[in-house]
Amino acid sequence: QAQLLESGGGSVQAGGSLRLSCTASGHAAVMAWFRRAPGKEREFVANMRGDGSGPEYASSIRGRFTISGNNARSTLQMNNLKPEDTALYYCAASASPLIAPLMWSTGAYESWGQGTQVTVSS
């Protein structure tokens, strides 16, 4: 399993932006971001293949968040943040290629970061 290190969380007002970064100790076939809001299950946010192709986004953040990177690093640019985006954000990596719908599932990823908090105030 790769070791993942996240950075970039923080507090921002609604409409603001934050950028999350994740660095992996090894190479991944798929890099992804998930989040867990208070009282809710961890949910899929975005992912991409290790070559940077095929980004997928959850409908709730499409058009506001952008994932980029490569097989050892992932960046999640978050714009026009809303209070409902408040959550603990996790970077995840899979050493194996993934297809839908498995790629949207937490169980498909064997490596996880410790999480970084994003808080959006209204």
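With respect to being more than 13 Å from Leu4 (Cβ to Cβ) and more than 12 Å from the chain's Cα centre (by Cα), Glu41 fits the description.
Checking each residue in region 40-65 for being modelled with pLDDT of 95 or more and assigned to a loop (DSSP other than H, G, I, E, B) picks out Lys40, Glu41, Arg42, Ala58, Ser59, Ser60, Ile61, Gly63, Arg64. Residue check: Ala29 meets all listed conditions (1) open to solvent by less than 20 Å² (accessible area, probe 1.4 Å); (2) touching a Lys or Arg at 6+ places or on another chain (Cβ under 9 Å); (3) closer than 18 Å to Met103 by Cα; (4) of a type outside the set (D, E, K, R) but one, namely (1). Taking every residue in region 44-65 that is open to solvent by 40 Å² or more (accessible area, probe 1.4 Å) and pairing it with any residue that is of a type in the set (S, T, N, Q) and not in a loop (DSSP other than H, G, I, E, B), at least 6 positions away or on another chain, the pairs with Cβ-Cβ distances below 6 Å are Glu56/Asn47. Can you tell me how many residues in region 78-96 are over 14 Å from Met31 (Cα atoms), touching a residue at least 60 places away in the same chain (Cβ under 8 Å) and open to solvent by 40 Å² or more (accessible area, probe 1.4 Å)? Qualifying residue count for the region: 4.
Among the residues examined, Gly16 does not qualify as at pLDDT below 95 and surrounded by 13 or more Cβ atoms within 10 Å (Cβ to Cβ).
The values are calculated or read from the model by the stated rules, or taken from the named source; none is laboratory data. Computed from a prediction, not measured in an experiment: that's the story for all the values here. No Cβ is skipped: glycine too gets one built from the backbone with ideal geometry, and neighbour counts run over all protein chains shown. Each accessible area value is taken on the protein alone, full model and side chains, heavy atoms only, with ligands, DNA and RNA left out. Shrake-Rupley method; radii C 1.70, N 1.55, O 1.52, S 1.80 Å.
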